[in-house]
Amino acid sequence: MQFKSSAEKAQISFQGHGADYYGQMNDLLDFLDEISAFIKARAEHLESNQPPEFNLKHLEQEYQYAEAFGPILHQSFLLSLVTFLEHAVNDFLGVVREWRVIPISPSDLRGDLLEKIKVYAFRLGRLRIEMAQELWQDVGSVVAIRNCLVHHAGRVSGNPQNSQIYAFSDRHSGLIIEEGAIRVTEELCRGCHKVVTDFLDALFHGGYAAADEEIEGEAEPPSKSDASG
């Protein structure tokens, strides 16, 4: 395929990556449905086939059969979701680098995921993408929750990103903090999935629109001053 300009090539790349990640996000949601169905079925099986030694009177049935191992599987989903987000952002910045011919790699920059987008795509790449501030905050909180689970065993107290975690809790349901630690629930996973889906949709659509704007600008007739020169 012959491209008239680097902007046209970037536009096709943004569109392709966006469509690909949209499909993969749906696959992730199907995976979450399977996890939740497994937890429910396993809980019901254990409850109806309970060995006598597992009859712990001081624990609620729900905790024994679902909440005891549910958070482990839901946490694995959340970690996978953020890893997926990182891959998508890297692909996005890769398109920006090729389009704008930026000599340094995104990996050469310091800072978290969002800081790299702002510096690399907006400052170095000169892209203008409209995105709600709350969405920026939400995706930052999703990453902060993942970091808390990985680096602090879910402990919010003393975590340098605890303000982002509590802010997400104020805006969304499903984030449960018990005894100072995050407990990952299905509802939290679905909320985080929606945030990441909306963020990637805005990012790739924004990149496509920016490239389209440049293409349209190139297609405009020259001004009188250009023509007279």
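Sparse packing (at most 13 other Cβ atoms within 10 Å of the Cβ) combined with a DSSP loop state is found for the following GluC sites (Glu not before Pro) in the stretch 102-186: GLU130, GLU179. For the stretch 145-156, putting each phi into the Karplus relation 6.51 cos²θ - 1.76 cosθ + 1.60 with θ = phi - 60° gives couplings of 5, 4, 4, 5, 5, 7, 9, 10, 6, x, 6, 7 Hz, in residue order, rounded to whole numbers and with x for Gly and Pro. Subtracting the Cα-Cα distance of ARG155 and ASP198 from 0.36 nm times their residue separation leaves 12.7 nm of extension gain. If each residue of separation counts as 0.36 nm, what is the full-extension length gain between SER105 and GLU216 once their alpha-carbon separation is subtracted? Full extension from SER105 to GLU216 adds 37.2 nm. Of the residues VAL150, VAL195, the one with the fewest other Cβ atoms within 10 Å heads the list, and the complete ranking is VAL150, VAL195. Couplings for the stretch 95-101, taken from phi via the Karplus curve 6.51 cos²θ - 1.76 cosθ + 1.60 with θ = phi - 60°, read 5, 4, 4, 5, 5, 8, 6 Hz in order; Gly and Pro are left as x. Taking amide hydrogens as placed 1.01 Å from N in the peptide plane, the amide H of VAL156 sits under 5 Å from those of ALA181, ILE182, each at least 5 positions away in sequence or on another chain.
Every number here is computed from the coordinates shown, using simple stated rules; none is lab data. All values derive from a computational prediction rather than experimental measurement. No Cβ is skipped: glycine too gets one built from the backbone with ideal geometry, and neighbour counts run over all protein chains shown.
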